Amino acid sequence: MQVLEMEHVKKSFNGAALHVLRDISLHVDEGEVVAIIGPSGSGKSTLLRCATLLTEMDSGDLRYSGQTAARSGADGRAVYADKQTLKKIRGYFGLVFQNFHLFPHYSVLKNLTDAQISVLGRGKTEAQQRARELLAKMGLSDKEDAYPCQLSGGQQQRVAIARALAMDPAILFFDEPTSALDPELTGEILKVIRALAEEHMTMVIVTHEMDFARDVADRVIFMDGGVIVEEGKPEEVFAAPKEERTRQFLARFADR
Amino acid sequence: MTVQTMLTSLIQAFGTTLFIFFFTLLGALPLGLLVNACRKSRFAPLSWLTKIYISIMRGTPLMLQLMVVYFGPSLLLGITVPGNWRSTAVVLAFVINYAAYFAEIYRGGIESIPIGQYEAAQVLGYSRLQTYFKIILPQMVKRVLPPVTNEVITLVKDTSLASVIGVVEMFTRAKQIAVAPHSPGMITFLAAAIFYYVFNYAVAFGMERLEKALDYYE
Ligand SMILES: Nc1ncnc2c1ncn2[C@@H]1O[C@H](COP(=O)(O)OP(=O)(O)OP(=O)(O)O)[C@@H](O)[C@H]1O
Ligand SMILES: [Mg+2]
């Protein structure tokens, strides 16, 4: 079963003046790790925002585990499912933001338990148990009573990943999870994601870390100008890109 | 009149000042939230009406508003008001006036909360209501505390405006005593000033404690 199916997704801003996504289709299998790379402004974030229902697509289909969140209507415009269905579908995915967006007024533990309790309806003990399990996995067991402002960026991002995982999503999206971090802190985040990949967590990761993408991904997607230019196994895309644009893009990273 | 009778009389009237003060806050602090929500309503006429209401409350003197609320129902609308209308009217006028100011302050507080907080909550599956009450409101309260403190201190002093509709709060009483024959004279005003000052000091102290209590984050 495919966890995520996006078909013919189109999105423009400023009253159709700016086409950001031009007919993008993306399917993700259970257990698959997909890395999305591409230049700034190519529409990577917009794609994730459409997938996570933060932005409405203009047209296209969006399904999670076969359940329809949106489909193109007769006039081609995307028609979204009713509130109840969307609420259910939100439970299928999690999103890790570039800037963490932890809740500053909640302790680390409460950041992890509150949604479990008030959205999933879990009991407090169960939620705390799940939270502590995840904090241990993130190496943050001693931080459960800390507030986000007392943590380093790398620790905050690990809490944010744990917060998303606590909801037991079927798929986890990352939008440049290390871009807001000092270079010496990116390693700890990449390590965590790598560990998740080894457990076969289904993930879609937008990243500028090419070595990491090559290592961790089952499939790499190169986006440019709102389309998928090329996709394939990392060794194919990185070592022998078919498209000229991919080659140019990768060359810029090789120079660094 | 002895100084002691003067003080006793002032303290009695200070009770009225406290009455106006507490009931105004009790009504206006939550009403401000509702006003702010109405202004942002997607139902355009409601948002419009709310904006007009706020601009009138901010654009006309509170003294005038007190008079309109007190005299308006009988003089303009011909309604027979209940016997205790005076104290109801004074609180009502203060509440609707201060709610408008609080709504403005809340708006600033809410707008300063990063959009990412809403998005994180939405992706986690919080409903709009949950997002507002669990995520946005608590952070807003912390941000608006300093400007709310300013308003609350202004309110302590504004209570004296109630005299315009004949409510005998502390300042009105001080005036009455000062001009009465054989009164302690100007000392009365000094005493009233001290009362106001001490009260304001206590209010400021309380608010500061509250701010400190919320200092545990950010
Ligand atoms: N809400 C919006 N309103 C108008 N334009 C937008 C909006 N969001 C994104 N855009 C535009 O859409 C284009 C693609 O943006 P997007 O953030 O998806 O790119 P990206 O691939 O994530 O880039 P980066 O690598 O810099 O994060 C950009 O030109 C951006 O300015
Ligand atoms: Mg982006």
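The values are calculated or read from the model by the stated rules, or taken from the named source; none is laboratory data. This one's a predicted model, so the numbers in the text were calculated from it and none came from an experiment. Every residue, glycine as well, gets a Cβ built from its backbone with ideal geometry; the counts of neighbours run over all protein chains shown. Surface accessibility is based on the protein's heavy atoms, side chains included, excluding ligands, DNA and RNA. Shrake-Rupley method; radii C 1.70, N 1.55, O 1.52, S 1.80 Å.
The table below lists the values:
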read-out: Test for B:Ile187: is it without any contact (Cβ under 8 Å) to a residue 60 or more places away in the chain and more than 24 Å from B:Leu66 (Cβ to Cβ); value: no
read-out: Count - residues of the stretch A:203-215 that are away from every other protein chain (no Cβ under 14 Å) and either surrounded by 22 or more Cβ atoms within 10 Å (Cβ to Cβ) or within 15 Å of ligand 2 (Cβ to nearest atom) (or both); value: 7
read-out: Residue tally, condition within 16 Å of ligand 1 (Cβ to nearest atom) and among the acidic types (Asp, Glu), over the stretch A:163-182; value: 2
read-out: Residue in the stretch B:159-171 that is acidic (Asp, Glu) and away from every other protein chain (no Cβ under 14 Å) present; value: yes
read-out: Residue within the stretch B:127-141 that is more than 22 Å from A:Arg90 (Cβ to Cβ), within 8 Å of chain A (Cβ to nearest Cβ), of a type outside the set (Val, Ile, Thr) and open to solvent by 40 Å² or more (accessible area, probe 1.4 Å) present; value: yes
read-out: Flag if A:Leu54 is within 16 Å of ligand 2 (Cβ to nearest atom) and part of a loop (DSSP other than H, G, I, E, B); value: yes
read-out: Restricting the stretch B:24-65 to residues that are in contact with a Ser or Thr (Cβ under 8 Å, 6 or more places away or on another chain) and not in a helix (DSSP H, G or I), the residue that is most open to solvent (accessible area, probe 1.4 Å); value: B:Lys40
read-out: Any hit, the stretch B:118-127, residues being touching a Leu at 6+ places or on another chain (Cβ under 7 Å), at pLDDT 95 or above and of a type in the set (Asp, Glu); value: yes
read-out: Among (1) surrounded by 15 or more Cβ atoms within 10 Å (Cβ to Cβ); (2) within 14 Å of another protein chain (Cβ to nearest Cβ); (3) in contact (Cβ under 8 Å) with a residue 12 or more places away in the chain, the one test that A:Thr85 misses; value: (1)
read-out: Residues of the stretch A:62-79 classified as within 27 Å of A:Met201 (Cα to Cα) and either within 11 Å of chain B (Cβ to nearest Cβ) or not in a loop (DSSP other than H, G, I, E, B) (or both), total; value: 8
read-out: Hits in the stretch A:115-173 (condition: under 21 Å from the mean Cα position of the chain (by Cα), of a type in the set (Gly, Ala, Ser), in a loop (DSSP other than H, G, I, E, B) and within 25 Å of B:Gln139 (Cβ to Cβ)); value: A:Ala166
read-out: Hey, A:His19 surrounded by fewer than 22 Cβ atoms within 10 Å (Cβ to Cβ) and either more than 18 Å from the chain's Cα centre (by Cα) or more than 30 Å from A:Ala251 (Cβ to Cβ) (or both) or not; value: yes
read-out: The one condition in (1) under 26 Å from A:Arg194 (Cα atoms); (2) more than 16 Å from ligand 1 (Cβ to nearest atom) that A:Tyr106 fails to fulfil; value: (1)
read-out: Checklist (1) part of a helix (DSSP H, G or I); (2) within 7 Å of another protein chain (Cβ to nearest Cβ); (3) hydrophobic (A, V, I, L, M, F, W, C); (4) out of contact with any Phe, Trp or Tyr (no Cβ under 7 Å at 6 or more places or on another chain) applied to A:Phe103, failing item; value: (1)
read-out: Of all residues in the stretch A:161-186 being within 12 Å of chain B (Cβ to nearest Cβ) and within 16 Å of ligand 2 (Cβ to nearest atom), the one that is farthest from B:Ala120 (Cα to Cα); value: A:Ala180
read-out: One residue from A:Gly38, A:Gly76 being at positive phi and under 19 Å from the mean Cα position of the chain (by Cα); value: A:Gly38
read-out: The stretch A:106-119, residues that are within 8 Å of chain B (Cβ to nearest Cβ) and either open to solvent by 20 Å² or more (accessible area, probe 1.4 Å) or more than 15 Å from B:Leu124 (Cβ to Cβ) (or both); value: A:Ser118, A:Val119
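Conditions tested, residue by residue: (1) within 16 Å of ligand 1 (Cβ to nearest atom); (2) at the interface with chain B (Cβ under 10 Å from one of its Cβ atoms); (3) closer than 30 Å to B:Tyr216 by Cα.
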{"site": "A:Met1", "(1), (2), (3)": "no, no, no"}
{"site": "A:Leu18", "(1), (2), (3)": "yes, no, no"}
{"site": "A:Asp23", "(1), (2), (3)": "yes, no, no"}
{"site": "A:Leu47", "(1), (2), (3)": "yes, no, no"}
{"site": "A:Leu53", "(1), (2), (3)": "yes, yes, no"}
{"site": "A:Phe97", "(1), (2), (3)": "yes, yes, yes"}
